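Notes to accompany the following structure.
What follows draws every value from the coordinates through simple rules; no lab data is involved. Bear in mind the structure is a predicted one, so any value in this text is a computation, not a measurement. Methodologically, a virtual Cβ is constructed for each residue, glycine included, from the backbone with ideal geometry; neighbour enumeration extends over all protein chains shown.
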Amino acid sequence: MTTTGLLDLGATEIVERRTGELLGYAFTVASGKGQLQRWLLFRHPQNELEIRPPAASMANWSLADWQANVPSLWRPNGFYVWAQADVYRHGESNTDVTWTVIPAASDLPKPTFPERPGGNYQLDYTGKVIDVLQENWRGRAFVVRGLTQESSIEYWSLPARYQPAGSTGATAVSVGQEEASSLASFVEHCNRTWSSGSAFVITGCVNHHAAAAPFAP
């Protein structure tokens, strides 16, 4: 299956991985080189989350439905995130690079940031690789900067059998055991399993954190 990015298109539900606590929702549309995600989070998930299919009442929402319902879903001091995820697939060629290997950190394409003020995302820097777990296979993620910064960038390495999160079953995201003190170290980890069908996703993120819901979500 050709993925437009990490998430299934449309609405998805976000819960705390260990307790099942509802953390919020996301809504995704195809955009540019991949997808534009909108995350509504009630609190910081601390890199421990699970992405699930939406409740039946949200399953057929359009973007207009999502935007109309954001004010009623919002909780004070929550997070609203716009995240543009650009997808690069194993073997494809672009910007003078053929992705038979993941390029060195200094040669990676620049992230695309949504045109919003501010800038960060729902994960945070830990110094470790973040595991992306789905059934019996595993992807990886790495964050440059974090929630307290004006902007952050996320890098996701997804295996060939990865299904967009929220389409079926659950996709777990949690801090793993592998050390990654830099983006270069993360790329080195990912190249060990980079193969036909794999995808590398570069996500530029901006965020709203306030008592009230954002204008024009």
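Over the chain, DSSP H runs of length four or greater, each weighted -39,500 (n - 2.57), average out per residue to a 222 nm ellipticity of -2500 deg cm²/dmol. Let's test the formula: R0 of 35 Å, r as the Cβ-Cβ distance of Ser62 and Asn191. What FRET efficiency results, to the nearest 0.05? Rounded to the nearest 0.05, the efficiency is 0.35. The local environment of Trp137, defined by Cβ-Cβ distances under 14 Å, has a net charge of +1 under the rule Lys, Arg +1 and Asp, Glu -1. Springs join every pair of Cα atoms under 10 Å in this Gaussian network model of the chain, and among Gln37, Gln134, Gln177 the largest mean-square fluctuation is at Gln177. Note on the chain: dipole from Cβ charges, positive end direction compared against His208, Ala184, Val101; the farthest Cα belongs to His208. Potential lengthening of the chain between Glu21 and Lys110 amounts to 28.6 nm, from the contour at 0.36 nm per residue minus the alpha-carbon distance. [x] 32, 23, 15; [y] 26, 18, 17; [z] 33, 18, 16: which one is semi-axes √(5λ) of the Cα gyration tensor in Å as calculated from this entry? Computing semi-axes √(5λ) of the Cα gyration tensor in Å and matching it to [x] 32, 23, 15; [y] 26, 18, 17; [z] 33, 18, 16 gives [y]. When only alpha carbons are used to place a centre, the range 71-88 and the range 142-216 end up 15 Å from one another. Magnitude of the charge dipole for the chain, about its Cα centre and with charges confined to Cβ atoms of Lys, Arg (+1) and Asp, Glu (-1), is about 140 debye.
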